[in-house]
Amino acid sequence: LLGMILFVTLLILYGFLESQSEDLKVFGPDVPLDGVAGKDMVLPCFIKPSTSAVNMRVQWSKLNVKDLIVHLYNNHQDRNEDQAQPYRGRTSLFKDELQKGNASLKLSALQVSDEGEYGCLIGDESWLDITAIYVRVKAQGSHPVIMMESYDNSGGINLVCESRGWNPEPVVQWLDTEGAPLPAEETQIHRDIEGFNVKRRITVHDCGDSNRFYCRLLQEYHMIEAEVIINSKVFSAWKWDISILVPACITAFGLIVSAAIFYKKELAEMRRFAEFVEMEKFVAPQKRRIEQKLAEMRRFA
């Protein structure tokens, strides 16, 4: 009878624990989290109803990236031997909060490459659950740089505006002195681990006293711009370049032709001289033999 009572008690206790485990859920934010590159961010993750996670396994991973462990807590301590290299030294849990079921992750010094979906998994031998959290990392890029690339055949100047390290990519505009948009080439966009790098070219022409041009970059709540002022003399410089370049090219061509003709004449003279030398080598012995014959004939005469 005592054994039966003990069995029933254990069965009831197991059923209670099982039903309690089934009621546990892992929760996180339902909307994406927005962070700023270089700043810290907390990724919330809780067990509800509030239950201690001290004796549980807490694993943060980056989803859709195979075997990318962001942070691992197990057997009452951090176990980050297999932590992904980009996250080394940048993650931590709030250990004092684990008792309350708070397994939130602190991610320090956000990088653009941190953007993506994360999974927070909590569990033990009898129960586990996971929630997904999406992180967006915004980055304002470098101050735009305007450079002059070349002169255009139409008399204009080719400019390029370039900036690096944006996320998301900005809108790049060229503006005139009055702030009106100017037609330009399509924006070139390249992405690396630091974000989006943008570049946009334009050909500008002499507008007299208003040769002031702006390159503006827009990103939601951010706007930065650079300006360039071009003196009218710079626009006219290409004409001087052509007026000097064309006669110079003609003169150079004439010199090349003259040099080629002179070289051919010299080459012909050298060939004739070489032939003369070869002939001298052949004629000299013959000449000596003839002179010897004449000398002998004179002796017998």
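Sorted by average packing, counted as other Cβ atoms within 10 angstrom per residue and highest first, what order do 78-88, 197-207 take?
The most tightly packed comes first, giving 197-207, 78-88.
Taking amide H atoms as placed 1.01 Å from N in the peptide plane, list the residues 5 or more away in sequence, or in a different chain, whose amide H sits under 5 Å from that of residue 56.
Under 5 Å from the amide H of residue 56: no residue qualifies.
Neighbour counts of other C-beta atoms within 10 Å: give me 225, 186 arranged from fewest to most.
By the 10 Å Cβ count, ascending: 186, 225.
Modelling each spin label as a point 7 Å along the Cα-to-Cβ direction, I'd like the residue 234/residue 212 distance in nm, to one decimal.
In this crude label model, residue 234 to residue 212 measures out at 1.5 nm.
If amide hydrogens are placed 1.01 Å from N in the peptide plane, which non-local residues have theirs closer than 5 Å to the one on residue 224?
217
Counting other beta carbons within 10 Å of each residue's own, what order do 222, 76, 71 fall into, fewest first?
Sorted ascending by nearby Cβ count, the order is 76, 222, 71.
Got a sec to turn the phi values of the stretch 128-145 into Karplus ³J(HN,Hα) couplings, 6.51 cos²θ - 1.76 cosθ + 1.60 with θ = phi - 60°, whole Hz, x for Gly and Pro?
Listing the rounded values in order: 7, 8, 9, 10, 10, 9, 9, 10, 10, 10, 9, 9, 8, x, 5, 4, x, 10 Hz.
Suppose we take every Cα in the stretch 145-230 and form the convex hull; what volume per residue is that in Å³?
Hull volume over Cα atoms, normalised by residue count, gives 92 Å³.
Output wanted: per-residue J couplings in Hz (rounded whole) for the stretch 28-41, from phi through Karplus 6.51 cos²θ - 1.76 cosθ + 1.60, θ = phi - 60°, x for Gly and Pro.
Once rounded to whole Hz, the list reads x, x, 7, 10, x, 9, 9, x, 10, 3, x, 9, 8, 9.
Which one, 155, 102, 36, projects farthest toward the positive side of the charge dipole computed for the stretch 28-169 from Cβ point charges (K/R +1, D/E -1)?
102
For a footprinting-style exposure proxy, rank 56, 223, 41 by other Cβ within 10 Å, fewest first.
Going from sparsest to densest Cβ surroundings: 223, 41, 56.
Given H placed 1.01 Å from N in the peptide plane, which residues other than close sequence neighbours of residue 138 have an amide H under 5 Å from its amide H?
Those qualifying (amide H under 5 Å, at least 5 residues apart or on another chain) are 35, 36, 37.
All of the numbers you see were taken from the coordinates with simple rules; none came from a lab. Note that the structure is a prediction, hence the values are computed from the model and not measured. All Cβ positions, glycine included, derive from the backbone under ideal geometry; neighbour counts span all protein chains shown.
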